[in-house]
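To keep things clear, I will list the structure first and then write my remarks on it.
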Amino acid sequence: MNKPGPILVIDIGGTKLAAGVTERGGRLITWSQVPTLRDSDGERLWDALESLLAAVLKTAKVDDLAELSGIGCGCGGPMEWPAGLVSPLNIPAWRDFPLRERLAARFAVGGIPVRVHNDAVCMAAGEHWRGAGRGSRNVLGMVVSTGVGGGLILDNHLIDGASGNAGHIGHVVVDPDDGALCVCGGVGCLEGIARGPALTAWAQQQGWRPDQPDVTGKDLSGDAAQGHGIAQAALRRAGRALGIAIASATNLCDLEVVPIGGGLSQAGALLFDPLQEALAAHTKLDFARQVRAVPAALGQHAGLVGAGALIAAADQYWTGD
Ligand SMILES: [Zn+2]
């Protein structure tokens, strides 16, 4: 079914719930966000999401839910896909929460599609569809923030893998001897080294702001920009790990473009220079040398635009039921 109406789009993360309404071409008509109530129970969190969705529908002047042509949603993983039972690591209130079913029951009229996928996958779809990966057939979209996530598009189609989890670049091993423990339980994963909290923890061990428990990746980037040596070294360490992981992914998948978004990607050259250096050092084959790692183009809207792509460009981005 390919109905022409607007799409309700949602992006659920550990720090914010974002939602909007898009045209089928991907343009956001309106969007809004509220903080994620992390200590709340599951039903209160659902209520907050429901209110946010009602508000954006009102602003977009969608008075009748029957006008919508679909609902697309990105959510932090892990999840049971495509069933949309979500258990986001950063949202303890939701464990096996039936997000897809709840959205369908409350907002879907007349059998319109409701589709839920990993938030990093939606970001990758958005960047491929309407962002920095537009026009390229082989793209790895990455998010570097509290975690390191990704989504893989090969030959113009999103790759889901056996369980919807393909593209988990954060758990590609970049340095098994480094000893950095990852939240997944592994050692030497990219995420264990390059996620924001791992970076700040490493920098603090080296003597950067040692007595401040609630420092963030943003503080670290800010200090690095001011010339703080340890903060700069932390970003170099992360950039190098990212470059190695991207090189491996490129050699495996023959990638063309790797758009990188998320809070930490805002650090600019302090992160991207060591990243490009490591990427060049580990892509020696002619085909792999062509890859470009670039800042994401859609910024904070990539996830919402990609959630819309699950509906409007389903032939490319949705293989679930
Ligand atoms: Zn891991």
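Listing for the model above:
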{"quantity": "Mean Kyte hydropathy of -1.0 or more with a Cα span along the axis of at least 20 Å, helices from DSSP in the chain", "calculated": "42-59, 229-253"}
{"quantity": "Kirkwood hydrodynamic radius over Cα pairs of segment 55-96, then Stokes diffusion coefficient at 25 °C and 0.890 mPa s, in µm²/s", "calculated": "199"}
{"quantity": "Beta bridges per DSSP with both ends in the chain, % antiparallel, nearest 5", "calculated": "60"}
{"quantity": "Relative packing of 194-203, 172-181, 246-255, which averages over residues the other C-beta atoms within 10 Å, highest first", "calculated": "194-203, 246-255, 172-181"}
{"quantity": "Percent of C-alpha pairs per 10 Å bin, segment 83-129, short to long", "calculated": "24, 43, 31, 2"}
{"quantity": "Simple Cβ-charge dipole of the chain, Lys/Arg +1 and Asp/Glu -1, about Cα centre, in debye nearest 20", "calculated": "560"}
{"quantity": "Segment 41-135: trypsin sites (Lys or Arg not before Pro) falling in loop per DSSP and having at most 16 other Cβ within 10 Å", "calculated": "Lys61, Arg95, Arg134"}
{"quantity": "Residue order, fewest to most surrounding Cβ atoms within 10 angstrom, among Cys184, Cys73", "calculated": "Cys184, Cys73"}
{"quantity": "Calculated FRET efficiency for the pair Asp273/Asp178, C-beta based, R₀ 22 Å, to 0.05", "calculated": "0.60"}
{"quantity": "Which of Arg209, Arg237 has the fewest Cβ neighbours within 10 Å, and the rest in rising order", "calculated": "Arg209, Arg237"}
{"quantity": "Stokes-Einstein D for segment 1-105, Kirkwood Rh over Cα pairs, 10 °C, 1.306 mPa s (µm²/s)", "calculated": "113"}
{"quantity": "Most to least packed among 28-37, 147-156 [average Cβ atoms within 10 Å]", "calculated": "147-156, 28-37"}
{"quantity": "Longest to shortest principal axis, alpha-carbon extents of segment 205-321, angstrom", "calculated": "51, 35, 22"}
{"quantity": "Listed residue (Pro78, Trp129, Ala104) projecting farthest to the positive dipole end of segment 13-133, Cβ model", "calculated": "Trp129"}
{"quantity": "10 Å-binned pair-distance histogram of segment 1-56 (Cα, whole percent)", "calculated": "24, 46, 23, 7"}
{"quantity": "Reference-scaled alpha-carbon Rg (2.2 N^0.38 Å with N residues) for the chain", "calculated": "0.98"}
{"quantity": "Residue order, fewest to most beta carbons within 10 Å, for Val121, Val183, Val215, Val114", "calculated": "Val183, Val215, Val114, Val121"}
{"quantity": "Relative contact order computed over segment 67-172 (Cα-Cα under 8 Å; 6+ residues apart), in percent", "calculated": "21"}
{"quantity": "Distance between modelled label sites at Asp47 and Lys284, nm, 7 Å Cα→Cβ extension", "calculated": "6.1"}
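Throughout, read-outs are computed from the coordinates displayed, never taken from laboratory work. Bear in mind the structure is a predicted one, so any value in this text is a computation, not a measurement. Note: ideal-geometry Cβ built from the backbone for every residue, glycine included; neighbour counts use all protein chains shown.
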